[in-house]
Amino acid sequence: MSPSPDVIIIGGGIEGLSTAWALAQRGVRDVLVLERGTLCSGGTAKSSGVVRCHYGVPSLAAMAWNGLQIFENAQDLLGQDVGFQQTGYVVGVGPENVAALEANLAMHHQIGIDVQTISHDDVQALWPWADLTDFAAFAYEPRGGYGDAYQTGQAFAHAARRLGVSIRQDTPVTGITLGPSGHAVGVVAAGEHIHAGSIVVAAGPWSVPLCAPLGLHLPIRAQREQILLIDPGEPIRDAPVFSDLVNLQYIRTERSGELLVGNSDHASPEFADPDHYSNQADEAHIAGTVDKLDSRLPKLPAPALSSSYAGCYDVTPDYNPILSATPIQDLYICAGFSGHGYKISPAVGTLMADIVTRRAGTDPHIRADDFRLERFDQHQPLRSPHPYTGAGQMR
Ligand SMILES: Cc1cc2nc3c(=O)[nH]c(=O)nc-3n(C[C@H](O)[C@H](O)[C@H](O)COP(=O)(O)OP(=O)(O)OC[C@H]3O[C@@H](n4cnc5c(N)ncnc54)[C@H](O)[C@@H]3O)c2cc1C
């Protein structure tokens with residue numbers, strides 16, 4: 001590693017590592033990733049890894065579509081598997097959201113996403129344990145599913161290292177240093193000053209305290225999310241991921257045969273300290289989730305709670321990421337993924353590498369401008385043109 005790398009990336013989560021790999025693929029190989037703990041030990045470690053393209057924001061849908069194709073070909077592209085389980089993906093909506101679903105599918109078809117509407121009978125065949133009576137319409141992505149975010153992050157690290165990227169773990173960055181003209185010139189990491197041409201902050205919710213001393217106030221907060229693992233009574237492995245936009249929860253299988261159940265109701269977010277939060281689901285959350293699950297999956301053989309945990313989304317006011325240059329020259333932000341960061345991670349790396357190397361993107365459906373930091377000050381949040389009633393901004 002050179003004493004002054006071209007690019008320093010702060011944070012060895014899935015996004016920092018994807019960015020490192022993408023930069024190295026463009027020939028920017030003198031890249032140093034600094035991780036305060038171990039790789040992928042932040043939000044990435046808690047990810048449900050759901051892979052779907054069902055977004056209302058076209059750039060996000062296109063990024064997810066791009067990501068899906070990288071996951072499908074991970075062995076060839078990254079040199080190792082990323083745990084992608086191509087179970088398929090179903091999203092169901094109530095009558096109030098049918099028009100939005102149709103509009104979103106029309107947009108998805110323009111992008112080229114493999115998605116179709118699917119009948120109640122067909123969903124019933126895929127989820128025979130479900131009561132589907134309160135749904136009005138469904139969309140089905142046969143190529144969706146879920147991956148392993150930890151494994152995927154490690155695969156990005158492996159591919160980046162092969163191209164010459166250096167990664168240091170147990171190396172917390174305590175400050176970003178500015179030169180006399182006010183541009184970013186390096187970092188202080190584990191007491192050492194390291195100079196670099198560009199700095200990318202990819203430190204999840206911890207990006208905020210890194211940037212605040214520079215007068216750069218990132219609108220990112222940590223939002224605690226609780227996950228339940230349910231033993232259905234007999235293993236279920238083949239069912240598609242199910243986004244239930246009536247009950248506002250998502251359900252996917254685990255390779256163990258358990259069901260992973262996550263929350264899609266963000267009406268009352270629980271903001272938390274990402275370094276100090278309860279890693280167990282609360283009684284009230286368990287009770288509410290189990291009630292919804294009982295009504296949605298009444299035909300499970302003998303459902304019982306196996307375990308629970310919690311993680312933190314790094315949410316922005318519009319629930320979309322910040323992938324952006326900043327008013328400080330040579331300082332870039334790659335954070336605020338708001339619960340979407342796994343599926344779009346390959347495209348995030350590409351986009352960040354384009355931004356840092358000042359190249360135009362090649363996918364006309366992915367607009368770098370959508371993710372600029374200034375959108376918040378400009379009161380131009382990135383919003384879906386066809387949002388789902390009740391589902392907030394998460395779509
Ligand atoms: C419960 C949960 C479920 C999710 N489910 C899905 C899903 O189904 N599908 C999906 O697409 N996305 C999902 N996500 C979102 C996705 O997992 C995240 O958006 C993504 O993993 C974020 O990656 P990251 O690299 O930005 O952040 P992180 O993984 O948090 O990485 C940031 C890294 O920066 C390091 N760091 C912090 N401060 C410093 C410092 N000062 N110096 C050096 N290093 C530092 C941290 O240690 C950490 O490793 C989920 C997230 C959670 C929490």
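A few points about this structure:
- Efficiency of FRET between Q75 and T357 - r from beta-carbon atoms, R0 30 angstrom, step 0.05: 0.65
- Summed side-chain charge close to G37 - residues other than G37 whose Cβ falls under 15 Å, Lys, Arg +1, Asp, Glu -1: 0
- Selection of trypsin sites (Lys or Arg not before Pro), the stretch 1-105, meeting DSSP coil and at most 16 other Cβ within 10 Å: R26
- Taking packing as the residue-averaged number of other Cβ atoms within 10 angstrom, the listed peptides 269-277, 37-45 run from highest to lowest as 37-45, 269-277.
- Placing a label point 7 Å from the Cα of R367 along the Cα-to-Cβ direction, the residues of the stretch 29-66 whose backbone N falls under 12 Å from that point are 57-60.
- The ranking of D231, D121 from fewest to most other beta carbons within 10 Å of each one's beta carbon is D121, D231.
- Cα-Cα P(r), the stretch 175-233, percent of pairs per 5 Å interval: 4, 14, 20, 21, 11, 7, 6, 5, 4, 4, 2, 1, 0
- Springs join every pair of Cα atoms under 10 Å in this Gaussian network model of the chain, and among R221, R383, R359 the largest mean-square fluctuation is at R359.
- Sequence-distant lysines (8 or more away, or on other chains) whose Cα lies within less than 22 Å of K46: K343
- Order of E72, E192 under a 10 Å beta carbon neighbour criterion, fewest first: E192, E72
- Interchain or long-range residues, amide H under 5 Å from G88's placed H: G144, G145, V241
- Each residue of the stretch 297-308 is assigned a 3J(HN,Hα), and the resulting list reads 10, x, 9, 5, x, 7, x, 8, 6, 8, 6, 8 Hz, derived from the Karplus form 6.51 cos²θ - 1.76 cosθ + 1.60 (θ = phi - 60°), x at Gly and Pro.
- Based on Cα atoms of the stretch 75-139, Rg over Rh with Rh as the Kirkwood radius reads 1.09.
- Within the chain, helices built from complete DSSP H runs that reach 15 Å or longer along their own axis (Cα positions) and carry a mean Kyte-Doolittle hydropathy of -0.5 or higher are 14-25, 58-72, 98-111, 345-357.
- Rough spin-label spacing in nm, given labels placed 7 Å along Cα→Cβ, for Q116 and E270: 4.1 nm
- Cα-projected label distance for A99 with S278, points at 7 Å along beta-carbon direction, nm: 4.1 nm
- Amide H to amide H, with H built 1.01 Å from N, S264 comes under 5 Å of Q249, Y250, counting only residues 5 or more places away or on other chains.
- Here the 3J(HN,Hα) profile of the stretch 116-121, calculated from phi with Karplus coefficients 6.51, -1.76 and 1.60 at θ = phi - 60°, is 8, 6, 9, 7, 4, 4 Hz, Gly and Pro shown as x.
- Computed Rg/Rh of the chain, alpha carbon atoms with Kirkwood Rh: 0.97
- In whole angstrom, the stretch 15-116 maps to an equivalent ellipsoid with semi-axes of 31, 16, 14, each derived as √(5λ) from the alpha carbon gyration tensor and ordered largest first.
- Counting only DSSP beta bridges whose two residues both lie in the chain, roughly 75 percent are antiparallel.
- Spin-label model, R237/Q329: points 7 Å from Cα along the beta carbon direction are separated by 5.8 nm.
- For the chain: relative contact order, % (alpha-carbon pairs under 8 angstrom, 6 or more apart): 24 percent
- The convex hull around the C-alpha trace of the stretch 2-53, projected and averaged over every direction, spans 4.5 square nanometres.
- Taken over the stretch 288-395, the convex hull of the Cα atoms encloses 169 Å³ per residue.
- Reachable aspartates and glutamates, given that their alpha-carbon falls under 13 Å from the alpha-carbon of K292 and they are not under 8 places away in the same chain: D131, D134, D244, D265
- Charge dipole (Cα centre; +1 on Lys/Arg Cβ, -1 on Asp/Glu Cβ; no other charges) of the stretch 9-163 amounts to roughly 840 debye.
- Alpha-carbon Rg with Dmax, taken over the stretch 63-209, Å: 22.2, 67
Only the coordinates and a few stated rules stand behind these numbers; no lab work does. Since the structure is predicted, the reported quantities are computational estimates derived from the model, not experimental observations. Because the Cβ atoms are built from the backbone with ideal geometry, glycine has one as well, and the counts that use them run over all protein chains shown.
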